[in-house]
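Engineer: Below are the structure tokens for one structure; questions will follow.
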Amino acid sequence: MVPGPSILNPRRAPAASLAAVARAAWAAWAVCAAVFALPAVAATSAVVSTPQVRAELVAHAPEGVAPGKPLRLGLQIDHQRHWHTYWKNPGDSGLPTTLAFTLPAGFVAGDIRWPAPVRLPIGPLMNFGYEGTLLLPVPVQVPAGFSGDSLTVKLRADWLVCKDVCIPEGGDFTLQVPARAATAGHAAAFAAADAATPVPAAGAEARAELKDGALQVRISGLPAAWHGLALQFFPETAGVLNNAAPIAGRWDAGVWSAALAIDPQRSAGPAVLPAVLTAAGKASGLEVGVQVTSAWPPLAQAAPAPLPSLGNATVSSDATAAPAAPTATLGLAMAMLLALAGGVLLNLMPCVFPVLSLKVVGFARHAEDRRKVLAAGLAYTVGVVVSFVALAALLLALRAGGEQIGWGFQLQSPAVVATLAVLFTLIGLNLAGVFEFGSVLPSSVAAARARHPLVDSALTGVLAVAVASPCTAPFMAASLGLALTLPAHEALAIFAALGLGMALPYLAASAWPRLAQALPRPGPWMASFKALMAFPMFATVVWLTWVLGHQTSIDGAAALLGLLVAVAFGAWALGSPTLGRGARRGFAAAAMVLLAAALMWAVPSWRQDAVAATPGAAAAGTPGAGGKEGREAWQPWSAERVAQAQAEGRPVFVDFTAAWCVTCQFNKRATLNHADVLSAFERKRVVLLRADWTRRDATIAAELARLQRSGVPVYALYSPGSAGPRLLSEILTVGELTAALAQLPG
């Protein structure tokens, strides 16, 4: 920072810029990100054991490791009784197992050779996966010229194991494979996997057409030994068929035909549908590619399959109760307009208030210089729009890679929450005058900052997006739900409109001369105002600590507080203008030791808590996500519980929430816990379910996608016998909810 007088204090340089704070916080982010890249379940060998599975990295090299010789690696999973993992198409819920090998240069690992799956019915859902003992083999190509004595194999594996609950697990594996000796200790397991792996149905011809709301499939040329058998059909492409619908197949002159129900929430329409056929008594399956000869209808108009019977009750089709598909009601222009309006309203969300205080300080500092105010407004707008587009691009890329995530996904990571807490602590301490970066920044950096003051405004926009993205304002839900179904360039246009809407009030204020003239003139009052603005930052730190406590435990929250104390001490030691050079060096050394000790305490605590956390655990016992409110106990959400309650003739209210969603917490305390609402819940015998998305949960993400929503809060009210829920406003009011409950029968 360039020395010189300041409006706030003529004897001292102005406080550090947000850019300087961000540079310092980036180092903390890098440390946290590196540590959290470590495995969820540590492994120092080829075996990882959990209460649900035993996983082992195995190899099969019967002729040693040499060019041209067969070499296969694999992950063998032994499931505990009634636990299962998933196929590459998991069905209605779940996630496939992923394997990421690290091999020496030149070695190339192929794709997983998936054994044929089995059907795993879960209430009204149908999943595809494995129980018992499973081996996922992967062929490996040995490079020419390899002549080492051994091969070091490293594997990062992640799987979702489910029974009554689903637990994401994973681990890092290491295996040494001798190169000059045979490795065949697991030959029987690899042979069994080969026997269970589907093979192409040579000579088979499979065609299908859409008729009467179903995919009419005809397959000829199957092996004679399969004729007359009852076949199971496993589509390799997810989101096409109604997996739970029964398959009524029949044989006619060697041709197998079946009517396969279409998924009412279909998300794909492939010209070729690859599939696996299995039959009782056949160890392996047959691979076929079904040519779809007719055109698929638009995704929003896919004909629904017949609704299932639930016990003695049959779910009726109620088009008015089903969530409207944005693709059927919104065009791109209207979605962008709604996103623009939602972005403007996003400034009223509580999570954005702390960052707005930084803009107020900036406007007041340059109130007499209209050009600087306008330039700062434009830079802030660029920072907001670019950040929204970049965050959306990352979201779309992860979803394209199979990740079940939605808007606000970054705050599902304890590493990101801790980093933001550190950043807001540093900003608050800087505003309060505890330290100044000018004392520690190199002169070249300070000079560069002086030449580019607009970087501060742009980074303020970046920070605003970081804390605003978990919030969902009115008008945002439908437009963002549509964005996730559109091509990437159209989706990014919607997110850009959202960012422009958020920045619009400040861009208008900076460009409107009369408003700029109405701003208060700079003066000594700004010193007190600047210190006052530190307290919204500290309030945000309290909220972030609370969020991390929900994601981990009370020990995790305490560890974060310890880390923040160390960071605060280090900032004071390195940047306090009142310390001499010798004292600063001594305190800085002590601060580094304290910071290292805090990280050694905090990070293992967060990682251990992250491993122990399971989807739904928070929903059952934390005040932010579950627990008991009023007279009715909230229960963890599941599709099975919704179906069961509807079968019993009871209405259901589902609260899709997260601890990091400030709007969710406001609605919970102001509306869901209101006496009138609790009385209406009790009077209508409403089953109360809470879907806690504080940590990543693929099942909740999939349900939000089915409801055409990409983030929380979402409030869904199911009337008995309805085909789908009525979705209520994101800013939930007592009047709206009680009116909706009054329309329920009974």
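Engineer: Any idea of residue 147's accessible area? Nearest 10 Å², probe 1.4 Å.
Structural biologist: 80
Engineer: Counting only protein heavy atoms, what percent of the accessible surface of segment 149-274 is carbon or sulfur at a 1.4 Å probe?
Structural biologist: 54
Engineer: Roughly how many whole Å is it from the C-alpha centroid of segment 127-170 to that of segment 88-103?
Structural biologist: 10
Engineer: Need the full-extension length gain, residue 192 to residue 54, defined as separation in residues times 0.36 nm minus the C-alpha distance. One decimal, nm.
Structural biologist: Contour length minus the Cα-Cα distance gives 47.9 nm.
Engineer: Using 1/(1 + (r/R0)^6) with R0 = 56 angstrom and r between the beta carbons of residue 434 and residue 678, what's the FRET efficiency to the nearest 0.05?
Structural biologist: It comes to 0.80.
Engineer: In nm, what is the difference between 0.36 nm times the number of residues separating residue 283 and residue 739 and their Cα-Cα distance?
Structural biologist: 158.4 nm
Engineer: Right, next: Can you tell me the length gained on complete extension of the stretch residue 529 to residue 589, counting 0.36 nm per residue apart and subtracting the Cα distance?
Structural biologist: Numbers: separation 60, 0.36 × 60 = 21.60 nm, distance 3.31 nm.
Here the segment from residue 529 to residue 589 would lengthen by 18.3 nm.
Engineer: If you don't mind, there's one more thing I want to ask. Give me the one-decimal nm value for the distance between modelled label points at residue 247 and residue 82, 7 Å along each residue's Cα-to-Cβ direction.
Structural biologist: Here the modelled spin labels are 2.7 nm apart.
Engineer: Something else now. Run the 1.4 Å probe and let me know the accessible area of residue 686, rounded to the nearest 10 Å².
Structural biologist: Taking all protein chains as shown, residue 686 has close to 0 Å².
Engineer: Let's see if you can work this out: charge +1 on each Lys and Arg Cβ, -1 on each Asp and Glu Cβ, no other charges. What is the dipole magnitude of segment 123-184 about its Cα centre, in debye to the nearest 20?
Structural biologist: Charge dipole, segment 123-184, about its Cα centre: 220 debye, nearest 20.
Engineer: Mind checking the per residue accessible area of segment 200-280 for me, 1.4 Å probe, whole number of Å²?
Structural biologist: Values: 3610 Å² over 81 residues.
Ligands and nucleic acids excluded, the result is 45 Å² per residue.
Engineer: With a ≥ b ≥ c the root eigenvalues of the C-alpha gyration tensor of segment 151-224, is it rounded (a/c under 1.5), prolate (a/b larger than b/c) or oblate?
Structural biologist: Oblate shape, in that a/c is at least 1.5 and b/c is the bigger or equal ratio.
Engineer: Quote the accessible area belonging to residue 669 in square angstrom, nearest 10, computed with a 1.4 Å probe and with ligands, DNA and RNA left uncounted.
Structural biologist: The accessible area comes out at roughly 130 Å².
Engineer: When only the heavy atoms of the protein chains count and the probe is 1.4 Å, how do 88, 372 rank by accessible area, highest first? Show your work: numbers first, answer last.
Structural biologist: Details: 88 75, 372 110 Å².
Highest to lowest solvent-accessible surface, that is 372, 88.
Engineer: What's the FRET efficiency of residue 119 with residue 633 using the Cβ-Cβ distance as r and R₀ = 30 Å, to the nearest 0.05?
Structural biologist: 0.35
The values are calculated or read from the model by the stated rules, or taken from the named source; none is laboratory data. As the structure is a prediction and not an experimental result, all values here were calculated from the model. No Cβ is skipped: glycine too gets one built from the backbone with ideal geometry, and neighbour counts run over all protein chains shown. SASA here: full protein model, heavy atoms, side chains in, ligands and nucleic acids out. Shrake-Rupley method; radii C 1.70, N 1.55, O 1.52, S 1.80 Å.
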